[in-house]
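Student: Next up is a structure, given as structure tokens.
The values are calculated or read from the model by the stated rules, or taken from the named source; none is laboratory data. Only a predicted model underlies this, so the values are computations on that prediction, with no experimental measurement involved. Don't worry about glycine lacking a Cβ; one is built from the backbone with ideal geometry, like all the others, and counts go over all protein chains shown. Ligands, DNA and RNA are excluded from the accessible area calculation, which covers all protein heavy atoms including side chains. Shrake-Rupley method; radii C 1.70, N 1.55, O 1.52, S 1.80 Å.
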Amino acid sequence: MQTKTYPLDQINGFGKLLKNYLAGDQALKPLYGNAPNITSFQAQIDSKKSVNRTLLVEVLQDQYQGFDDAPQIASLAQPNTFTVTTGHQLNLFTGPLYVIFKIVSTINLARQLKKAYPAYHFVPVYWMASEDHDWDEINHFHLFGKKIQWDTDQKGPVGRFDIAGLSSIWAELPSDIPVFKECYAGAKNLSAAVRSYMHTLFGQEGLVCLDADDARLKRSFIPVMQADLLENKHLACVNASNDILTNLGYSPQIYAREINFFYMLDGVRERIEKQGDVYKVLNQAIRFSEEELKAEIEAHPERFSPNVALRPIYQETILPNLAYLGGAAEVAYWFQLKGIFDLHQVPFPILLPRNFGVMIPPLEAAKLEKLELSIPDIFQDERVLRQQFVDKNTKHALELGNEQERLSTLMSKIAQKAQAIDETLEASVLAEETRWQKGLERLTKKMRKAEERNQTVGLSQIQAIKQKLFPDGNWQERHTNFLEFLLNYPTLLADLLAVLDPLTFELFVMYLSEKDA
């Protein structure tokens with residue numbers, strides 16, 4: 001696999017917030033902790049307060065029961081062992097390609113840290129968003145141009161979903177894909193299935209999958225629950241960060257609420273609102289007085305699920321974590337949460353963007369070369385790209401700008417003559433100029449369309465490239481399932497582990513070749 005990287009500034013689609021953060025913009029410094037570079041990790045290690053390592057190991061060992069080749073969970077009990085983490089929803093069959101990029105970026109960061117800081121150990125962690133209830137976002141995946149979807153009427157936290165009905169999907173796959181068939185068949189719920197296939201794919205690389213939907217872990221989070229549910233302390237923290245971002249010209253990604261917890265049972269994950277003196281679970285007949293809510297938190301902390309504003313601090317409360325790797329939008333919303341971490345005196349992790357990438361199959365690579373299109377070119381809007389291609393390859397003048405200027409000069413002279421005769425004639429001249437200028441604009445469009453017909457072959461190839469690398473208008477990594485590549489290139493995962501670099505903040509362009517197949 002040949003790889004090239006391109007600075008994010010050359011690629012259309014990356015926002016200024018991420019680019020300014022990576023450039024070290026000091027105006028953003030109040031919104032994060034240590035900088036995103038390898039030398040910052042010693043300070044991060046020194047600042048990381050102790051967590052309940054014994055509890056963490058106990059929970060993970062329970063979750064990995066039955067795995068003959070479980071990762072080295074016990075090492076997390078040692079004070080010189082730390083984690084680096086990424087998180088994501090429990091997508092079917094891993095979901096879009098960028099989920100794999102996230103995992104590989106995290107594994108490779110742990111490897112690089114071990115080389116830079118040999119006295120410590122670093123464990124890559126996949127935080128499983130098992131409590132998420134947005135099923136419509138993850139109930140499908142795209143493979144070889146086909147949307148494969150699992151329909152179920154189950155509700156509530158997706159990690160608890162029974163996956164017995166998933167068998168209907170197998171008939172739509174191009175082959176059995178034993179790795180996934182075995183992992184889904186042997187799992188009691190969706191969370192267990194995702195842990196199983198992630199372990200099969202990456203367990204040998206040291207990846208640890210954590211499902212934080214656990215009563216023991218939630219108990220350690222009770223102080224934050226109380227601060228939010230009973231004192232509403234976190235809304236002001238997020239709003240203060242939002243004000244900084246807004247004043248700097250950025251748009252906040254998320255908005256906190258007075259209460260940032262859901263109430264969660266099997267089949268239920270609904271927001272909690274305080275209405276008068278009563279705490280109500282929306283869309284349910286569940287009500288608490290303040291005293292009843294305090295008692296419920298103490299008795300059943302597992303029933304309280306943090307929303308997007310508090311999930312990060314839950315993660316950092318229970319893990320000996322140093323860094324979080326996420327997409328551009330994730331990095332952006334973490335900037336809104338620094339005040340919450342400061343309030344609870346929890347070290348803010350180093351924020352790193354996960355690796356961004358595009359896979360170029362041999363056919364598309366050949367077309368790009370033939371059409372003399374660069375990688376930055378293809379990230380442009382297709383309409384702009386088509387226009388540039390036509391302009392570059394035409395042998396004719398397709399614009400009438402000079403003619404329009406000459407017309408404007410001519411009509412100005414005519415207007416002066418007409419005005420000298422009768423001042424009211426000036427309006428008529430201007431009206432005629434407007435009509436003729438519009439005629440020239442229409443003629444320009446007709447000439448361009450005619451030239452596009454002359455270049456049909458090249459434009460059709462551009463359209464095919466865009467559909468392959470930007471299916472349905474989406475970036476390939478955000479749409480296409482990685483099986484589309486793994487089935488044709490069996491060494492894909494090893495190749496990604498060899499080329500992706502979590503501390504190179506550029507777009508990775510990976511050229512697949514026949515020898516990789």
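Student: Output the number of the condition that LEU497 fails; it satisfies all remaining conditions of (1) in a helix (DSSP H, G or I); (2) open to solvent by 50 Å² or more (accessible area, probe 1.4 Å).
Tutor: (2)
Student: Would you check which residues across the range 44-54 are in contact (Cβ under 8 Å) with a residue 40 or more places away in the chain, open to solvent by 30 Å² or more (accessible area, probe 1.4 Å) and either part of a helix (DSSP H, G or I) or closer than 16 Å to VAL125 by Cβ (or both) and list them?
Tutor: Residues satisfying the conditions are SER47, ASN52, ARG53.
Student: Any residue that is in contact with a helix residue (DSSP H, G or I) (Cβ under 8 Å, 6 or more places away or on another chain) and acidic (Asp, Glu) - is there at least one of those in the range 239-254?
Tutor: No, the conditions are met nowhere in the range 239-254.
Student: A further question follows. Checking the condition part of a helix (DSSP H, G or I), open to solvent by less than 60 Å² (accessible area, probe 1.4 Å) and of a type in the set (Val, Ile, Thr), which residue from VAL346, VAL384 passes?
Tutor: Exactly one of VAL346, VAL384 is part of a helix (DSSP H, G or I), open to solvent by less than 60 Å² (accessible area, probe 1.4 Å) and of a type in the set (Val, Ile, Thr), namely VAL384.
Student: Right, another one. Filter the range 56-113 for residues that are open to solvent by less than 10 Å² (accessible area, probe 1.4 Å), over 25 Å from PHE221 (Cα atoms) and in contact with a Lys or Arg (Cβ under 7 Å, 6 or more places away or on another chain) and give the result.
Tutor: Across the range 56-113, the qualifying residues are PHE101, LYS102, SER105.
Student: Only residues that are surrounded by fewer than 17 Cβ atoms within 10 Å (Cβ to Cβ), of a type outside the set (D, E, K, R), part of a helix (DSSP H, G or I) and within 19 Å of the chain's Cα centre (by Cα): list them for the range 472-494, please.
Tutor: Within the range 472-494, GLY473 is the sole residue that qualifies.
Student: What are the pairs with Cβ atoms under 7 angstrom where one residue, in the range 357-373, is of a type outside the set (Lys, Arg) and the other, located anywhere, is open to solvent by 60 Å² or more (accessible area, probe 1.4 Å)? Sequence gap at least six, or different chains.
Tutor: That search, which allows pairs on different chains as well, returns PRO362/GLU514; GLU364/LYS468.
Student: Let me ask something additional. What single numbered condition from (1) within 21 Å of PRO252 (Cα to Cα); (2) part of a helix (DSSP H, G or I); (3) small (Gly, Ala, Ser) fails to hold for GLY24?
Tutor: (2)
Student: Across the range 26-37, which residue is nearest to the chain's Cα centre (by Cα) among those that are farther than 17 Å from LEU337 by Cβ and open to solvent by less than 50 Å² (accessible area, probe 1.4 Å)? Reasoning before the result, please.
Tutor: Looking only at the range 26-37, we keep the residues that are farther than 17 Å from LEU337 by Cβ, and these are 26-27, 35, 37.
If we keep only those that are open to solvent by less than 50 Å² (accessible area, probe 1.4 Å) too, we end up with 27, 35.
Details: ALA27: 24, ALA35: 20 Å.
Among them, the one singled out is ALA35.
Student: Exactly one condition in (1) touching a Ser or Thr at 6+ places or on another chain (Cβ under 8 Å); (2) crowded, with 18+ Cβ neighbours inside 10 Å; (3) at pLDDT 95 or above is false for SER220; which is it?
Tutor: Going through (1) touching a Ser or Thr at 6+ places or on another chain (Cβ under 8 Å); (2) crowded, with 18+ Cβ neighbours inside 10 Å; (3) at pLDDT 95 or above one by one, SER220 breaks only (2).
Student: Only one of (1) under 20 Å from HIS88 (Cα atoms); (2) open to solvent by less than 40 Å² (accessible area, probe 1.4 Å) is not met by MET225, so which one is it?
Tutor: That leaves (1) as the condition not met.
Student: Which residue out of GLU441, GLU369 is at pLDDT 80 or above and at negative phi? Walk me through it before giving the result.
Tutor: Numbers: GLU441 fails: at pLDDT 80 or above.
Checking each option against the conditions leaves just GLU369.
Student: If GLN463 passes every condition in (1) polar (S, T, N, Q); (2) open to solvent by 70 Å² or more (accessible area, probe 1.4 Å); (3) in contact with a Phe, Trp or Tyr (Cβ under 6 Å, 6 or more places away or on another chain) but one, which one does it miss?
Tutor: So the condition that GLN463 fails would be (3).
Student: Taking only the range 241-267 into account, find how many residues are in contact with a strand residue (DSSP E or B) (Cβ under 6 Å, 6 or more places away or on another chain) and either touching a residue at least 40 places away in the same chain (Cβ under 8 Å) or within 26 Å of PHE14 (Cβ to Cβ) (or both).
Tutor: Step one: filter the range 241-267 for residues in contact with a strand residue (DSSP E or B) (Cβ under 6 Å, 6 or more places away or on another chain), giving 259, 261-264.
Within this subset, residues satisfying the condition of being either touching a residue at least 40 places away in the same chain (Cβ under 8 Å) or within 26 Å of PHE14 (Cβ to Cβ) (or both) are 261-264.
Residues that pass the stated criteria total 4.
Student: Quick check on my filter: what residues within the range 294-339 are open to solvent by 10 Å² or more (accessible area, probe 1.4 Å), assigned to a helix (DSSP H, G or I) and not hydrophobic (A, V, I, L, M, F, W, C)?
Tutor: LYS294, GLU296, GLU298, GLU302, ARG303, ARG311, THR317, GLU330, TYR333, LYS338, GLY339
Student: Residue check: is LEU503 in a loop (DSSP other than H, G, I, E, B), among the hydrophobic types (A, V, I, L, M, F, W, C), surrounded by 12 or more Cβ atoms within 10 Å (Cβ to Cβ) and touching a residue at least 40 places away in the same chain (Cβ under 8 Å)?
Tutor: Details: in a loop (DSSP other than H, G, I, E, B): yes; among the hydrophobic types (A, V, I, L, M, F, W, C): yes; surrounded by 12 or more Cβ atoms within 10 Å (Cβ to Cβ): yes; touching a residue at least 40 places away in the same chain (Cβ under 8 Å): yes.
Yes.
Student: Of the conditions (1) open to solvent by less than 50 Å² (accessible area, probe 1.4 Å); (2) closer than 26 Å to ILE318 by Cα; (3) of a type outside the set (D, E, K, R), LEU265 fails just one. Which one is it?
Tutor: Result: LEU265 fails condition (1) only.
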